[in-house]
């Protein structure tokens, strides 16, 4: 339990919600503001990540993403949720998010699959929307070794988010996702989209 508490405190400090002082850990102005909203810290920080870059005059450009983010957040989960939709997904095995790939195929990501992905790649916690957006708006799409597709998008300078998914005839699903700086191995794979750009990212 103590390890989990220490990890949580480190996360709060890293996010700027708390600060370490000689007297211990104290809430920052941002932390106090988030606390006042009643939102979970993870939800608040993910929301901020997508709201801050928005043009105040063109919020509609990300309206769908923001609504999805709010409804798919920990706030509404059956086991820990504090808020509920008029028809919450309690009792359902899982919830699916759908996005459309560059080939026009609906690609799904279930809660169960997302849980597996974040267990294997904990650095992706809080990046569910980034994963979905990478399928919709990748820098490029590569062909994997077993028929799967790899959507790639730069998450920060020199670091890339890779989303592995499979397309069937009329739908598809996300297999896994990961962050990498080792792009040279990906450069050797066959590019599916776009076909007119140079091979290297």
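Could you tell me whether the range 104-201 comes out rounded, prolate or oblate from its Cα gyration tensor? Rule is a ≥ b ≥ c as square roots of the eigenvalues, rounded for a/c under 1.5, then prolate if a/b exceeds b/c, otherwise oblate. Mind showing how you got there, number by number?
Values: a/c = 1.77, a/b = 1.17, b/c = 1.52.
Oblate.
Work out, step by step, the length gained on full extension between residue 48 and residue 125: first 0.36 nm times the residue separation, then minus their alpha carbon distance; give nm to one decimal. It would help to have the intermediate numbers written out before the result.
Values: separation 77, 0.36 × 77 = 27.72 nm, distance 1.51 nm.
The span from residue 48 to residue 125 would gain 26.2 nm if fully extended.
With each label point set 7 Å from Cα along the Cα-Cβ vector, what nm distance links residue 116 and residue 137?
In this crude spin-label approximation the distance works out to 2.9 nm.
Want the number for residue 103 to residue 195: 0.36 nm per residue separation, take away the alpha-carbon distance, what's left? Please list the in-between numbers first.
Values: separation 92, 0.36 × 92 = 33.12 nm, distance 1.27 nm.
So the extension gain works out to 31.8 nm.
Residue 169 to residue 20: extension gain in nm, 0.36 nm per residue of separation minus the Cα-Cα distance?
On the way: separation 149, 0.36 × 149 = 53.64 nm, distance 5.33 nm.
Here the segment from residue 169 to residue 20 would lengthen by 48.3 nm.
As a footprinting exposure proxy, order 160, 165, 146 by other Cβ within 10 Å, with the fewest listed first.
Details: 160 19, 165 25, 146 7.
Listing 160, 165, 146 from fewest to most nearby Cβ atoms yields 146, 160, 165.
Given a Förster distance of 25 Å, report the FRET efficiency between residue 35 and residue 179 from their Cβ-Cβ distance, rounded to the nearest 0.05.
The calculated FRET efficiency here is 0.25.
Using r as the Cβ-Cβ distance of residue 96 and residue 27, and R0 as 30 Å, what FRET efficiency do you calculate, to the nearest 0.05? Intermediate values should be presented prior to the final figure.
Numbers: r = 36 Å, r/R0 = 1.21.
Efficiency, rounded to the nearest 0.05: 0.25.
How many angstrom lie between the C-alpha centres of the range 135-201 and the range 2-30?
Cα centroid of the range 135-201 versus Cα centroid of the range 2-30: 36 Å apart.
All of the numbers you see were taken from the coordinates with simple rules; none came from a lab. Worth saying up front: this structure is predicted, and the values here are computed from it rather than measured. Please note: Cβ atoms are built from the backbone with ideal geometry, for glycine as well, and neighbour counts cover all protein chains shown.
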